1. How many Å² of accessible area per residue for the stretch 196-261, probe 1.4 Å?
2. Return the carbon/sulfur percentage of the accessible area of the stretch 52-125, one whole number, probe 1.4 Å, all protein chains in place.
3. Calculate, for GLU469 and GLU579, the FRET efficiency according to 1/(1 + (r/R0)^6) with r their C-beta to C-beta distance and R0 51 Å; round to the nearest 0.05.
4. Within the set LYS265/LYS587; LYS407/LYS583; LYS289/LYS587; LYS43/LYS299, which residue pairs have Cα atoms separated by over 31 Å?
5. Take the alpha carbon gyration tensor of the stretch 213-306, find the square roots of its eigenvalues, order them as a ≥ b ≥ c, and report rounded if a/c is under 1.5; if not, report prolate when a/b exceeds b/c, else oblate.
6. Provide LEU568, LEU242 ordered by accessible surface of protein heavy atoms (probe 1.4 Å), highest first.
7. Over all Cα pairs of the stretch 472-618, how is the pair count split among 5 Å bins, expressed in % and running from 0 up to the last occupied bin?
8. Need one value: the accessible area of TYR51 in square angstrom, 1.4 angstrom probe, rounded to the nearest 10.
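The values are calculated or read from the model by the stated rules, or taken from the named source; none is laboratory data. Because the structure is predicted, anything quoted here is derived from the model rather than measured. Cβ atoms come from the backbone with ideal geometry, glycine included; neighbour counts cover every protein chain shown. In case anyone asks, the SASA skips ligands and DNA or RNA and just uses the protein heavy atoms, side chains included. Shrake-Rupley method; radii C 1.70, N 1.55, O 1.52, S 1.80 Å.
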Amino acid sequence: MRLLLLILQVTIFLLTAAPSFAQEKTQNRVDQLNELFKKTLNKDPIQALEYTRAALDIADSIGYDRGIAYAMNNLGVIQNRIGNLDKALEYFFNSMRLHQAIDNQDGLAATLNNIGTVYSAKKDHQKALEYFLDAYRIVEDLGDTTRLIGSLNNIGNVHLAEHEDDLAKEYYLASLKLYNNVQNKYQVFDPHTNVGNTYFRNGHYDSALYFYNKSLLIEQANENKVGEAQALHHIGVTYEQLGRHNTAVNYLVDALQLAQTVNAKPLLMDIYKSLSDTYFNQRNWLLAKDYLLLHGMVKDSIYNEESNRRISQLGRTFEMEQQEQQIELLRKESEIQQLQLKNNRNSILAIVLGATVLFCLVVFYYLKNQSNQKTRALLAAKNKEITESIHYAQSVQSAILDEEAIKKSFPESFILYKPKDIVSGDFYWHAKLNGSDILASVDCTGHGVAGAFMTVIGNSLLNQIVVEEKESTPASILEKLDNKLRQTLKDKQVDISNHGMDIAICKIDNSHKKLTFAGARSDLYFIRNGSINEVKGDRHTIGENLNDDSKEFQQQEICFQSNDIYYLSSDGFADQFGERSNKKFMKRKFKELLASIHHHNLNNQQQLLEKELEQWRGKLEQTDDILVMGIRLSNGHPEHRNN
């Protein structure tokens with residue numbers, strides 16, 4: 001009987017204990033995955049992302065809040081690194097709520113620091129400082145020296161951004177002192193770069209280089225690609241200040257390559273700007289403009305108005321939740337107190353509580369109004385900054401478009417160029433080679449900032465192929481352009497469906513009265529003896545099919561005659577919707593329009609095209625970027641000679 005009872009007890013124990021053992025084992029697996037995220041983040045961010053996603057899936061399936069909270073924080077770190085600040089903040093706030101709910105101070109401190117970095121990136125330094133100080137107080141109470149190093153650096157960064165250099169240096173040096181006393185420095189924040197920044201700000205470049213180089217060695221030893229790229233960037237900028245431009249370029253290019261491998265957008269933005277400044281000082285205007293435009297595009301993708309709005313909304317939502325929780329806590333405490341009070345004090349207490357609630361509401365709405373005013377002012381300032389940046393990018397793009405050179409080669413010509421947005425995805429291009437003119441109209445995928453990004457790449461590749469490599473045959477130019485663009489997009493792991501270009505390109509050999517044309521989904525029109533003719537290009541798009549190396553382009557030669565008029569264009573004019581018909585203008589109608597205006601001089605033709613476009617469009621918005629070029633060829637230009 002006793003043996004039977006013992007067996008029964010053991011069986012019950014095993015049945016009840018087994019699930020808890022399994023649960024604990026699964027939780028350990030979640031913790032291991034989240035730790036693997038930390039160890040692989042700087043070496044292989046894609047693998048790190050897979051680890052933390054797996055951790056989140058498992059933790060969510062078993063209701064393991066601690067594991068979910070850490071995974072959410074990790075996902076926020078990834079989003080912050082690639083510049084998706086609003087998404088990062090959303091993950092961080094979710095993580096913070098869970099850490100608060102389970103009273104996990106260690107995880108809460110980490111998340112508070114990360115929230116501070118988002119606000120710091122948005123240049124809301126006061127908000128950032130609030131979160132950094134909250135995190136600092138927690139890690140100080142925990143006695144976590146390693147985390148104190150990072151917190152001190154974060155606080156120092158805010159003071160440096162506010163130009164409080166001496167105060168920033170105090171925090172950095174305190175952090176460095178703690179760092180030097182740590183035995184195992186693996187995965188410990190390296191403060192050398194920030195100390196170097198204080199010397200750099202005061203013009204002590206040799207001292208700055210000393211700390212930057214120490215940081216570089218540490219980050220290389222830790223296999224921290226982001227930290228290594230940051231150190232290389234700082235070293236490059238310092239050499240630029242010392243006037244050693246070539247050395248600066250070498251370091252900056254190394255930094256750029258590392259930053260691209262981990263897609264660190266905020267860092268890429270800074271490196272592009274530094275490269276632009278360096279090339280400008282070297283009087284390499286073309287590369288300076290290209291990198292400045294890339295800087296503006298990355299900056300626009302990070303600091304956009306929608307992101308600002310969402311971050312402000314997330315911040316206000318969280319603050320309101322915190323206030324509601326405090327009010328609910330006060331309400332429950334009040335209820336308990338009311339039950340303990342004597343009946344003859346109930347009416348007095350009700351009056352006091354009513355007055356308190358009324359006062360809280362007044363304060364709440366006052367603070368909300370103040371917050372809204374601050375948010376509106378912040379959004380207005382950010383919007384102004386972004387708009388100014390894009391307008392500056394427009395001036396850079398305009399400088400790339402050399403209309404004056406085209407006018408010099410073709411006195412009778414016009415260029416109708418109308419971007420849909422501030423910057424355009426269409427561009428025209430011209431070069432001279434061996435006595436011939438090479439002229440192209442290019443329509444890149446998309447418009448606005450996305451299209452303009454491709455124009456920078458296209459412009460640079462055409463310069464490389466024609467100006468540097470001396471290729472003048474239109475079909476060969478297109479084939480080389482296609483190969484180089486596909487390789488560029490493949491190297492950067494870009495989705496080809498959203499990146500490509502249609503192009504019409506002509507070689508005009510005036511000495512032999514010959515025009516050679518090739519096109520990629522773009523055609524050539526010309527007027528001869530009052531009739532319009534069309535020369536079709538190939539149906540390939542430049543850049544399509546990343547792995548197709550067999551693409552070939554055909555070219556056609558035309559012996560031009562006196563007073564021939566040739567037109568190159570993007571599809572923007574033909575694709576414009578009309579207010580009355582709600583239909584596209586269409587290619588056929590565009591050809592008929594060219595035929596009807598050809599007897600006018602070229603300047604008047606441009607005006608007539610613009611007039612027809614405005615009448616057709618009416619009050620509708622412009623559908624796409626528009627580019628139309630017209631040139632009249634005579635028997636020869638005296639300035640052209642064979643070299």
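1. Values: 3040 Å² over 66 residues.
Per residue, the stretch 196-261 has an accessible area of 46 Å².
2. 46 percent
3. On the way: r = 47 Å, r/R0 = 0.92.
That pair, GLU469 with GLU579, gives E of 0.60.
4. Working: LYS265/LYS587 40 Å; LYS407/LYS583 34 Å; LYS289/LYS587 34 Å; LYS43/LYS299 25 Å.
Listed pairs above 31 Å: LYS265/LYS587; LYS407/LYS583; LYS289/LYS587.
5. Numbers: a/c = 2.40, a/b = 1.11, b/c = 2.17.
Note, shape of the stretch 213-306 comes out oblate.
6. Descending accessible area places them as LEU242, LEU568.
7. 2, 9, 16, 16, 16, 15, 12, 9, 4, 1
8. In the full protein context, TYR51 sits at about 60 Å².
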